[in-house]
1. Test of understanding: among SER104, SER62, SER74, which residue is among the polar types (S, T, N, Q) and in contact with a Ser or Thr (Cβ under 6 Å, 6 or more places away or on another chain)?
2. Of (1) more than 19 Å from GLY138 (Cβ to Cβ); (2) in a helix (DSSP H, G or I); (3) not aromatic (Phe, Trp, Tyr), ALA218 satisfies all except one. Which?
3. Could you list, in sequence order, the residues of segment 283-301 that are assigned to a strand (DSSP E or B) and surrounded by fewer than 22 Cβ atoms within 10 Å (Cβ to Cβ)?
4. Being touching a strand residue (DSSP E or B) at 6+ places or on another chain (Cβ under 7 Å), outside any strand (DSSP E or B) and of a type in the set (Ser, Thr, Tyr): is that true of TYR178 here?
5. Filter segment 89-101 for residues that are closer than 12 Å to GLY161 by Cα and under 17 Å from the mean Cα position of the chain (by Cα); which is modelled with the lowest pLDDT?
6. Any chance segment 64-78 includes a residue that's within 23 Å of TYR308 (Cβ to Cβ), at pLDDT below 95, among the small types (Gly, Ala, Ser) and surrounded by fewer than 16 Cβ atoms within 10 Å (Cβ to Cβ)?
7. Can you tell me which residues in segment 31-74 are farther than 16 Å from ALA119 by Cβ and among the hydroxyl-bearing types (Ser, Thr, Tyr)?
8. When the residues of segment 2-21 are filtered to those that are surrounded by fewer than 18 Cβ atoms within 10 Å (Cβ to Cβ) and of a type in the set (A, V, I, L, M, F, W, C), which remaining residue is farthest from VAL68 (Cα to Cα)?
Amino acid sequence: MSDNMSYNDIFDKEIIQKSKGIIFSFPPLDDKHRYQPYSHDITDDAVEKLGELMRHNLLFYSYGEDEVEKAYESDKFSSLEQAAKYAYNNRLPHRDPKQDGLPSEVLLDLLIQIYNPNAYKLAVRTIFRQDDNNEIKGYDLTYFTKDSTGISLWLGQAKLGEKKYCKDGINKDLIEKYTKNYLAKQLYFVCDKRMAVTDDAESILEVIDKLNARTIDADDDTRSQALINLLNELRITIKIPCLLAYDENNVYNDASRIYERIQTEVEGMKNHFNGKSYSFSGFSPQIVFYVFPIGSVTRLRDKEKGFYAGLC
């Protein structure tokens, strides 16, 4: 692991190239919201391979870009398996695997980084602590992207489990976690705790952090509206990626019908979420539902062969 490489080069080598044949992305459906479908492979060990890829992503999920580069160059870890175990035991809160939201967060992080190469994190949430000494709460993922369409702020939520649990949980999050006051509290916090980011991101975060300082004596409504006004002035679009990774083994029963069955899953999600009404105070986000049927969530979470293998 001693090559002197950039973060993007390391991630491409260790994750993106290995993801080919494990994760498949299908054309999105644009309707009231955007629906982006995914699937894994149909081999007998496809779920375990997905779990391994997610586990290897723990290094990139738990460490800042500069940290990854330094660890890689100095041979801090002999393998991604060792790096994953170290990250799990030193950077992450230990919870009962059955209740742990880590796999869903790591999978969303993995998808964003693979399919949005210009994405960069505001902060590594596993490092920083809030006033209750817990890791950063709120959004499961906080990224900036910059491409030909402009700059976007990604504030994601992720669920992994039964289909109803995922749909109900994402719906609840969209109602409760995307008010301007909630957004301001989270964004002001992470902008103060940011780690190594690109120059483009650094300049944006510095402006937001200064606004945080200047409005510290104001009430919550004034502070949150000031942030919304700033985002509008900077022409920053807010995107909400919502991962629904749920048990649906029937999708993989017939290799010749995977595309058809993925489309059926997307239609079901479209009918469900298009029937909901979401109100956002002061901003109009783009909601992107990441629809990812899993052959077996139980196998994906397994401590012997799945995501948690070798971690605990």
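The values are calculated or read from the model by the stated rules, or taken from the named source; none is laboratory data. Because the structure is predicted, anything quoted here is derived from the model rather than measured. Here the Cβ is made from the backbone with ideal geometry for all residues, glycine too, and neighbour counts use every protein chain on show.
1. SER62
2. Condition (2) is where ALA218 drops out.
3. Residues satisfying the conditions are GLN286, ILE287, VAL288.
4. Details: touching a strand residue (DSSP E or B) at 6+ places or on another chain (Cβ under 7 Å): yes; outside any strand (DSSP E or B): yes; of a type in the set (Ser, Thr, Tyr): yes.
Answer is yes for this residue.
5. ASP100
6. yes
7. Listed by number, the residues that qualify are TYR35, TYR38, SER39, THR43, SER62, TYR72, SER74.
8. Kept after step one, since they are surrounded by fewer than 18 Cβ atoms within 10 Å (Cβ to Cβ), are these residues of segment 2-21: 2-6, 8-9, 12-13, 16-18, 20-21.
Okay, now just the ones that are also of a type in the set (A, V, I, L, M, F, W, C), so 5, 16.
Working: MET5: 10, ILE16: 16 Å.
It comes out as ILE16.
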